[in-house]
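We did not get these values from a lab; they are worked out from the coordinates using the rules stated. A quick note: this is a predicted structure, and the numbers were derived from the prediction, not measured. All Cβ positions, even for glycine, are placed from backbone atoms using ideal geometry, and neighbour counts span all protein chains on display.
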């Protein structure tokens, strides 16, 4: 961390997987350096959870340097993979390379679905120019499903990715949020549904979306 500070990087250290995801959801990071070996979990599982909610560049650090592990990390969504032990200067070089490569790949500000606009930065949803009042949790569930359009997400993934917590026994909060979103976002002439239930699994966002970036 001292070397990164000397190189003008502002660093936030989180030492537990259980604390990392809420921090990533609450703050904007330009880059994440993720160790596979975490005190309370596997970094590869955390990687998959991060990828549900964020496109932030990620460099994986691990003592497992064989080719199979590197391929698994990259296929899991990592932007780069560095095996221990490593020269700190190599890490800096890889950080700068990843930041340069991903500089223009930020998440779009607005997701547009027909006459429905989801504004990520303003946390605002408009339909035909009229604002739809959503709770914070409803907005986060909607954004998560829209970002993963066409991909079936389990209730557990939605709870962890949008609400930052695991589902408890008999917990119907995800189903309740989806029900509320369907009611609030529907229009009298709607023929197609935004969300489809997948029996025994979860939900999938099925509407076609376009994205645009606001300058």
Between the Cα axis of helix 17-26 and the main Cα principal axis of the chain, the angle (0 to 90°, nearest 10) is 60
Once the Cα atoms of helix 136-147 and of the chain are each reduced to a long axis, what angle between those two axes, in degrees from 0 to 90 to the nearest 10, is obtained? 70
With Cα atoms, 0 to 90° folded angle of helix 173-185 axis to the chain main axis: 50
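In terms of the Cα gyration tensor, with a ≥ b ≥ c the square roots of its eigenvalues, is the stretch 2-101 rounded because a/c is under 1.5, prolate because a/b exceeds b/c, or oblate?
Details: a/c = 1.38, a/b = 1.03, b/c = 1.33.
Since a/c stays below 1.5, the shape of the stretch 2-101 is classed as rounded.
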Would you mind ranking 12, 62 so that the residue whose beta carbon has the fewest other beta carbons within 10 Å leads the list? 12, 62
Among (1) 17.4; (2) 18.9; (3) 17.9, only one was calculated for this model; which label is it, if the read-out is Kirkwood radius over Cα pairs in Å? (2)
By average Cβ neighbour count within 10 Å, what is the ranking of 174-181, 79-86, 139-146, 162-169 from highest down? 139-146, 174-181, 79-86, 162-169
With a cut-off of 8 Å between alpha carbons and a minimum separation of six or more residues, what is the relative contact order of the chain in percent? 17
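Which percent, nearest 5, of DSSP beta bridges in the stretch 1-129 are antiparallel? Could you put the intermediate results ahead of the total?
Values: 10 of 18 bridges.
So the antiparallel bridges in the stretch 1-129 amount to around 55 percent.
So between residue 184 and residue 156, what do we pick up on full extension, going 0.36 nm a residue minus the alpha carbon distance?
Extending this stretch completely gives an extra 7.8 nm.
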